[in-house]
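Only the coordinates and a few stated rules stand behind these numbers; no lab work does. Quantities reported herein were computed from a predicted structural model and do not represent experimental measurements. Because the Cβ atoms are built from the backbone with ideal geometry, glycine has one as well, and the counts that use them run over all protein chains shown.
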Amino acid sequence: MKRFIASVLILAGCYVIPCGVQADIKFGVLAPRGAEIVVKQWGGLIEYLNQELGEKVVLFPLKFTEVQGFIDTVPSGFMFTNPWFFVRAKVMKGAKPILTVKYQWSGEMMGGVIFTRADSGIANLTDLRGKLIVCPRLSSPGGWLFSKGVMVSGGLNPERDFKQIIEATGESDDEVVYAVRDKKADVGTVRTGILETLQAENKIRMSDFRVIHRVRHEGFPQLCSTPLYPDWPVYSLRHTPPETVAKMKKALLAIPDVHPALWQAGKIERFLEPLDYGPMEELCRLLKVEPFRHIR
């Protein structure tokens, strides 16, 4: 296991296989909390896939800025990313969804959270005018696009009405929370589950924050400010052989619910047949972001 982790860490941040490494199947995973966390979480699942598929699977933890390069240079393989990257890869590169993740606490849906410090005096969406907003990335669905959709629907024009919108320097949801806590920004936006995770890790106190435009969804236990959308998909790149896609899908669907690798991989309950990512496409069209930036 130590040798496996070491080899993955060498590959982290790269999307071109180094000379001498023969990877039958490449598996890119977006790493919003850093490559080392992805390696720790997905190590068990990659070992499971190696055994079940009988082929070598190599894990590639990817920063936000590395995902597109991976997709452009690796025509055959698999990805596990947020829904925006999938929609972009589907429209522009012919990617196909094969599964949707389901987590033990939040299920198969996700949303966004708009939050501020409890003592900020900011109570609702209209109070956001003139404020400094921080998000992980402007292309992050849970970290920004879901919340922006709510703001736009509420009559706000974020680019015009806010003092400034900044991205966290490390592209991390965690950093967004710390920036708001430390008064480096007035308001932050993150995906659902981040605040609860940081509190469980004893890194923040939930009582220090207030959720703006809180929405309660039946059966969804996490704090939320937006509609819910299907969670992250596993998808195949355009030139992945159909027989490899079928084997990957079968292996991930068949993994037992009690398998320790699922809990290790961010408390995954199991993988499901792919949900409908049409609502994510509609949001991209509404906000005119890629892959629909230039629509009229």
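Highest mobility in the GNM of the chain, judged by mean-square fluctuation with C-alpha springs under 10 Å and restricted to PHE78, PHE27, PHE86, is found for PHE27. Cβ crowding within 10 Å, taken as a proxy for footprinting-reagent exposure, orders VAL177, VAL211, VAL39 from fewest neighbours to most as VAL211, VAL39, VAL177. Which angle from 0 to 90°, rounded to the nearest 10, does the C-alpha axis of helix 242-254 make with the longest principal axis of the chain? The helix 242-254 is inclined about 70 degrees to the chain. The listed peptides 236-247, 93-104, ordered by packing as a protection proxy, come out as 93-104, 236-247 (highest mean of other Cβ atoms within 10 Å first). Rounded to the nearest 10 degrees, the inclination of helix 278-287 to the longest alpha-carbon principal axis of the chain is 50 degrees.
Sorted from longest to shortest, the spans of the Cα atoms of region 110-212 along the three principal axes equal 36, 28, 23 Å. When the alpha carbon gyration tensor of the chain is reduced to an equivalent ellipsoid, the three semi-axes, largest first, read 33, 20, 18 Å. Residue ranges 58-67, 43-52 sort as 58-67, 43-52 when ordered by packing (mean number of other C-beta atoms within 10 Å per residue, highest first). For region 25-45, the residues whose amide N sits under 15 Å from a probe point set 7 Å from the Cα of LYS56 along the beta carbon direction are 25-27. At a Förster distance of 30 Å, what's the computed FRET efficiency of GLU243 paired with MET92, Cβ-Cβ distance as r, to 0.05? Result of the calculation: an efficiency of 0.75.
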